[in-house]
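Chemist: Below: one structure in structure tokens.
FYI, it's all coordinate maths here, none of it is from the lab. Small disclaimer: the values here were computed from a predicted structure and weren't measured. Cβ placement follows ideal geometry from the backbone for every residue including glycine, while neighbour counts extend to all protein chains displayed.
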Amino acid sequence: MTLRFFGDTVLDKPYHLDFKIDHFIFNLETPLSCEGIPALNKVNICQDKSHIKETFGGTPLAVSLANNHVMDFGEEAFTKTKASLKEQNIPYFGAGLKGENFNNPKIVEFGDKKIGVCGYCCPSAHPTFGDESNNGSAYLDPKEVLKDIKTLQDKKVDMIIIQPHWGIQEIPFPTFKDREMAHLFIDNGADMVIGHHAHVMQSHEVYNGKYIFYGLGNFIFPDLNFPSYHNGKEFTVMRYKIQRVQHRRSIVVELDQDLNISFFGVELNGDEIKKSNFKLPTWLPNSQKEFQKKLAMQYKINMIRKFLDEPKLPNLAHFKRFFRLFTK
């Protein structure tokens, strides 16, 4: 028996997994309804059906809702998402109201073990945060994370897992600040950190004997073709994006019954996701200065890769961005 953790997941339709799973937890990166008031000036993602049971052959022990898309269609879609999850007997964590601590922490049973999970979203991801009267994601505040870790320690769970939605999109390594935070969580009692948001895999490490996965990558994330950037009256653009191979590969983290940790790679092709062998990112920043230097280089690599993937005549904005990047 195993418990597996999957990254960012959007199920616009049923998918097929070419491997068996027992128990699982994933980041549900979308409301389960497209009805409601669209969030302003952003890419709006939704799915009008669950497709969870059809894809996984069962229901997860829980899902994380701590992300920047769960509130893309406001309170109405979030309420319908909660109702759908309740109907399917799926617990959730990382979002809601402040008075309910955004449904953190959540304790799930895995065999004879109790696993505590908590989810939070970094402000850099530009989510809708919850408060006393409005639903939304839990804010990634280290003080609040440490409080939730203490709550789980007091409940004497067998394992504490922190799941932050953080990092810079399209960048295969964590920020130096995120690395410092992850170390803080481990130093204060977390047994593992599992991050997501960057839409590409990020580095991982073992710190003081504990695993930190900075970004699992997209587990299932279809090509984008959504009306987006609502101005309060109407959507202003169609957001279209073909998911390249780096957006279709992800890390799956696995626990066995004795809570031993392992991991493997998977890749989505068409409607099927299979185990796959590929090189994982390894670089980690040891200072803010080192991070900034590497980030500047990665931006240049990403710009060249995007041009090769989607060649087109550059406009003035492209030239300005190119000039800024290559004259730093």
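Chemist: Each residue of the stretch 70-80 in turn: what ³J(HN,Hα) in whole Hz from Karplus with 6.51, -1.76, 1.60 and θ = phi - 60°, glycine and Pro shown as x?
Modeler: Couplings: 5, 9, 5, 10, x, 5, 4, 5, 5, 4, 5 Hz.
Chemist: Here is a further query. Towards the positive end of the charge dipole of the chain, with charges on Cβ (+1 Lys, Arg; -1 Asp, Glu), say which of 218, 89, 110 has the farthest Cα.
Modeler: 218
Chemist: If the elastic network links every pair of Cα atoms under 10 Å, which of 301, 52, 194 fluctuates the most in the Gaussian network model of the chain?
Modeler: 301
Chemist: Let me ask another. Once you have the Cα-Cα distance between residue 22 and residue 180, take 0.36 nm times their residue separation minus that, and quote the gain in nm to one decimal.
Modeler: Roughly 53.6 nm would be gained on extension.
Chemist: Quote the relative contact order of the chain in percent (integer), defining contacts as alpha-carbon pairs under 8 Å separated by 6+ residues. Before the final figure, lay out the partial values.
Modeler: On the way: 769 pairs, mean separation 54.9, N = 328.
This gives 17 percent for the chain.
Chemist: Considering the options 304, 228, 176, tell which one lies farthest towards the positive end of the dipole of the chain, charges being +1 on Lys and Arg and -1 on Asp and Glu at the Cβ, about the Cα centre.
Modeler: Ranked along the dipole, the leading option is 304.
Chemist: Pop the C-beta distance of residue 278 and residue 187 into the FRET formula with R0 = 30 Å and round what comes out to the nearest 0.05.
Modeler: Computed FRET efficiency for residue 278 and residue 187: 0.40.
Chemist: In straight Cα distance, which lysines are under 17 Å from residue 275, not counting same-chain residues fewer than 8 positions off?
Modeler: Those lysines meeting the cut-off are 20.
Chemist: Another question about this same structure. To the nearest 0.05, how large is the calculated FRET efficiency for residue 131 and residue 41 if R₀ is 25 Å and r is the Cβ-Cβ distance?
Modeler: Once the sixth-power term is evaluated, E becomes 0.80.
Chemist: Which Cys residues of the chain have no other Cys Cβ less than 4.7 Å away and so no disulfide-compatible partner by this rule?
Modeler: 118, 121, 122 - these cysteines have no disulfide-compatible partner (Cβ-Cβ under 4.7 Å) in the chain.
Chemist: Of the labelled options (1) 34, 24, 22; (2) 36, 24, 17; (3) 29, 24, 21, which one gives semi-axes √(5λ) of the Cα gyration tensor in Å as computed for this structure?
Modeler: (3)
Chemist: Find me the longest stretch of the chain that has none of the exposed GluC sites (Glu not before Pro), where exposed means in a DSSP loop (not H, G, I, E or B) with at most 13 other Cβ atoms within 10 Å.
Modeler: 133-233
Chemist: At what distance in nm do the modelled label points of residue 271 and residue 288 sit from each other, each positioned 7 Å from its Cα along Cα→Cβ?
Modeler: Roughly 5.0 nm, to one decimal.
Chemist: Most fluctuating residue of 176, 219, 78 in a GNM of the chain with Cα springs under 10 Å: which is it?
Modeler: 176
Chemist: Any idea how far apart residue 238 and residue 301 come out in nm if each label point goes 7 Å out from Cα toward Cβ?
Modeler: Placing both labels 7 Å along Cα→Cβ, they lie 3.3 nm apart.
Chemist: Right, here's the next one. What are the ³J(HN,Hα) couplings of the stretch 147-156, residue after residue, when phi is run through the Karplus curve with 6.51, -1.76, 1.60 and θ = phi - 60°? Round to Hz, x for glycine and proline.
Modeler: So the Karplus estimates, Gly and Pro as x, are 4, 5, 4, 4, 4, 5, 4, 5, 7, 6 Hz.
Chemist: Determine, for 201, 303, the number of other Cβ atoms within 10 Å of each Cβ, and report the residues in order from fewest to most.
Modeler: Least to most surrounded, the residues fall as 303, 201.
Chemist: Now for a different question. Roughly how far apart, in whole Å, are the Cα centres of the stretch 256-312 and the stretch 1-39?
Modeler: 20
Chemist: Now for a different question. Report the antiparallel proportion of the DSSP beta bridges in the chain as a percent, rounded to a multiple of 5. Present the calculation step by step, with values, prior to reporting the outcome.
Modeler: Values: 32 of 63 bridges.
Around 50 percent antiparallel, to the nearest 5.
Chemist: Can you pick out the pairs among 42/80; 49/233; 177/306; 155/294; 42/114 whose Cα atoms lie more than 30 Å from each other?
Modeler: 155/294; 42/114
Chemist: For residue 53, project a label point 7 Å along Cα to C-beta. Then give me every residue of the stretch 74-97 with its amide nitrogen under 20 Å of that point.
Modeler: 80-92
Chemist: Just how large is the dipole of the chain about the Cα centre, in debye to the nearest 20, putting +1 at every Lys and Arg Cβ and -1 at every Asp and Glu Cβ?
Modeler: Roughly 1340 debye, rounded to the nearest 20.
Chemist: Compute a Gaussian network model of the chain, connecting alpha carbons closer than 10 Å, and tell me which residue from 304, 242, 90 fluctuates the most.
Modeler: For the chain, modelled as a Gaussian network with Cα springs under 10 Å, the answer is 304.
Chemist: Using amide H atoms built 1.01 Å from N in the peptide plane, name the residues 5+ places from residue 121, or on other chains, whose amide H lies under 5 Å from its own.
Modeler: So residue 121 has HN proximity to 138, 139, 140, 165.
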